[in-house]
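The values are calculated or read from the model by the stated rules, or taken from the named source; none is laboratory data. Not measured: the values here are computed from a predicted model. Cβ sites come from the backbone with ideal geometry, for glycine too, and all protein chains shown count toward neighbours. These accessible areas exclude ligands, DNA and RNA; they are computed on the full protein's heavy atoms, side chains included. Shrake-Rupley method; radii C 1.70, N 1.55, O 1.52, S 1.80 Å.
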Amino acid sequence: MLNANKRAIVVGASRGIGLGLVRELLNQHWEVIATIRDINQVSTELNQLLTEFAGKLELVEVDLNHVQTVESLTRQYHEKSINLLLVSAGILGPEHQHVESCTPNEISHLFWVNSIAPVTVARKLLPLMAEKSVIAFMSSRMGSVTLNDDGNMELYRASKAALNSLTRGFAVNEAIPAQMGVLNLHPGWVQTEMGGSHAPISVKQSTTGMVAVIENFMGKNEQRFVDFQGNEIEW
């Protein structure tokens, strides 16, 4: 079990932005508990980090399709021992992205992964969070109702708008009264499997920016919706 003054849990760390956040936090001298869906299928990149940061990185199996698996963390770690919870998992949803074309299974899976599971995980892990800690959710500018000026990607947009709404209730009723800050983060359009190779922002640029935003936010007892450069986004 890790011992540190700066300890983070990153949910959804197997690849892309989640993996990049693990790497950047380790570079900034955090100790990291990274969750992946299958502990028997660890990526080459994560294995390299385990070697490079021996004793600073721990892998734990958490499957967002079975959120009760997150309870293994509550059994391993003491109350108020975590300084950052970063829920990074997310999916685009069906390729067609139209409400009239989606099936109940498609929409339930999209909203479960992008909206329901992140808040469920945060609630389950709330007792682990220290005062003045940060709980950060991977949102998107596309979740802003105010800034929706073209209506494209309507299912993905709706799932991120739902995440923003649910995290607002969580922040007001649970996190902020417990002296914790909540961040809804827009990582930018990033060069990942989801964002595509033509995206203008590298994983390194995005994650370096987000970790700086998080560290500057530590100790603040409020909720903000910001991008990876710290710019405020309208809800």
Using θ = phi - 60° and Karplus 6.51 cos²θ - 1.76 cosθ + 1.60, couplings along segment 128-137 (whole Hz; Gly, Pro as x): 6, 7, 6, 4, 6, 7, 10, 10, 10, 10
In Å², nearest 10: area of residue 30 left accessible to a 1.4 Å probe: 10
Cα centroid separation - segment 60-83 against segment 164-179, whole Å: 19
Neighbourhood net charge (15 Å Cβ-Cβ; Lys/Arg +1, Asp/Glu -1) for residue 216: -1
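If you rank 198, 96 by how much accessible surface each has, with a 1.4 Å probe, what is the order from largest down?
198, 96
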Cut-off 10 Å between beta-carbons: net charge of the residues surrounding residue 187, Lys and Arg +1, Asp and Glu -1: 0
Highest-MSF residue in the chain out of 75, 15, 23 [GNM, Cα springs under 10 Å]: 75
Residue among 131, 100, 79 with the largest mean-square fluctuation in a Gaussian network model of the chain, springs linking Cα atoms under 10 Å: 100
Among 208, 120, 74, residue whose mean-square fluctuation peaks in a GNM of the chain (springs only between Cα atoms under 10 Å): 74
Solvent exposure ordering (accessible area, 1.4 Å, most first) of 116, 214: 116, 214
Alpha-carbon centroid distance for the pair segment 101-150 / segment 193-229, whole angstrom: 16
Nearest-10 value in Å² for the accessible area of residue 45, using the 1.4 Å probe: 80
Highest to lowest packing among 7-13, 157-163, scored as the average C-beta count within 10 Å: 7-13, 157-163
